[in-house]
1. Restricting to segment 46-63, name every residue that is without any contact (Cβ under 8 Å) to a residue 24 or more places away in the chain and either on the phi > 0 side of the Ramachandran plot or buried (at least 17 other Cβ atoms within 10 Å of the Cβ) (or both).
2. I'd like to check something: does segment 64-71 contain any residue that is aromatic (Phe, Trp, Tyr) and open to solvent by less than 50 Å² (accessible area, probe 1.4 Å)?
3. Working only within segment 168-199, note down all residues that are more than 24 Å from residue 23 (Cα to Cα) and in contact with an Asp or Glu (Cβ under 9 Å, 6 or more places away or on another chain).
4. Determine which single condition residue 41 fails, assuming it passes every other condition in (1) part of a helix (DSSP H, G or I); (2) under 23 Å from residue 132 (Cα atoms).
5. Applying the selection to segment 107-118, what residues are in contact (Cβ under 8 Å) with a residue 24 or more places away in the chain and either touching an Asp or Glu at 6+ places or on another chain (Cβ under 7 Å) or surrounded by fewer than 15 Cβ atoms within 10 Å (Cβ to Cβ) (or both)?
6. Tell me which residues, restricted to segment 160-177, are outside any helix (DSSP H, G or I) and surrounded by fewer than 18 Cβ atoms within 10 Å (Cβ to Cβ).
7. Quick check: anything in segment 81-90 modelled with pLDDT of 95 or more, of a type in the set (Lys, Arg) and over 30 Å from residue 132 (Cβ atoms)?
8. Could you count how many residues in segment 28-45 are without any contact (Cβ under 8 Å) to a residue 12 or more places away in the chain, open to solvent by 60 Å² or more (accessible area, probe 1.4 Å) and more than 18 Å from residue 72 (Cα to Cα)?
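The values are calculated or read from the model by the stated rules, or taken from the named source; none is laboratory data. Just so it is clear, the structure is predicted and the values come from calculations on it, not from any experiment. Neighbour counts run over all protein chains shown; Cβ positions are idealised from the backbone, glycine included. Calculation scope for accessible area: heavy atoms of the full protein, side chains included, ligands and nucleic acids excluded. Shrake-Rupley method; radii C 1.70, N 1.55, O 1.52, S 1.80 Å.
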Amino acid sequence: MHFYRPLGPVAALTFDLDDTLYDNAPVIQRTEQATLLFIQRYHPRLSGIQREDMLRVRQALREDEPEIYHDVTEWRHRALERLMREAGLSVEEAQRGAAEAMADFANWRSRVDVPQETHDTLAALGKKWPLAAVTNGNADPARFGLDGYFDFILRAGPHGRAKPFCDMYHTAAQRLGLPAGQILHVGDDLNTDVAGAICSGMQACWIMSREQNLMQARKARLLPHLAISRLASLAALI
């Protein structure tokens with residue numbers, strides 16, 4: 001555990017989900033492969049669709065509607081519908097196909113293997129502080145056994161703009177009924193989690209999941225209050 005700023009009183013903790021409480025990379029890889037296979041099998045006109053086609057349409061949609069990235073579920077849904085329309089499906093077929101593809105996507109997206117260390121750490125922390133989740137992603141913690149640790153879960157899109165914007169951080173403070181400065185946000189991303197939390201008035205804990213230290217971190221903008229190499233280290237704060 002490395003301290004870079006004085007840590008003030010902590011009355012609650014908020015957590016990022018993906019790559020903070022579990023390894024998200026294999027989940028996304030499996031999910032995107034399954035989604036592509038679903039689309040290719042859904043209709044003969046979609047059999048030749050490739051991953052590059054999906055990425056192209058998503059990028060085009062974001063160029064047309066720059067703010068859509070704040071809601072990754074809506075972004076993906078709309079992109080799939082556009083892709084199916086481009087392939088020659090009718091409006092009704094594309095709407096139905098995109099909805100069915102997103103239902104399949106949601107199933108795969110939440111097939112998450114949560115380490116026992118995460119369960120143990122959240123359970124221990126939850127005995128002392130209220131906990132909440134603040135995520136830019138669209139995994140459903142209720143499907144993989146993490147929802148019970150949190151008083152509430154905030155998602156980019158339905159609950160405001162994506163991190164590092166302050167929307168969800170401010171909403172979390174309001175719902176917790178606490179000054180932002182008494183909340184410690186924990187996450188793996190130096191921009192969305194660390195810089196976003198600090199700019200929102202919170203304290204920040206960085207999980208060094210990829211870079212070994214701040215000198216090696218390319219996205220370091222603001223120093224976190226503390227950095228840890230594994231989630232279980234937070235138990236030292238109890």
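1. 58, 61 - these are the residues of segment 46-63 that are without any contact (Cβ under 8 Å) to a residue 24 or more places away in the chain and either on the phi > 0 side of the Ramachandran plot or buried (at least 17 other Cβ atoms within 10 Å of the Cβ) (or both).
2. No: zero hits.
3. 175, 176
4. Evaluating residue 41 over (1) part of a helix (DSSP H, G or I); (2) under 23 Å from residue 132 (Cα atoms) leaves (2) as the failure.
5. Once the filter is applied, which keeps residues that are in contact (Cβ under 8 Å) with a residue 24 or more places away in the chain and either touching an Asp or Glu at 6+ places or on another chain (Cβ under 7 Å) or surrounded by fewer than 15 Cβ atoms within 10 Å (Cβ to Cβ) (or both), segment 107-118 yields 110, 111, 113, 115, 117.
6. 161, 165, 177
7. Checked against the condition, which is being modelled with pLDDT of 95 or more, of a type in the set (Lys, Arg) and over 30 Å from residue 132 (Cβ atoms), segment 81-90 yields at least one hit.
8. So the count comes out to 3.
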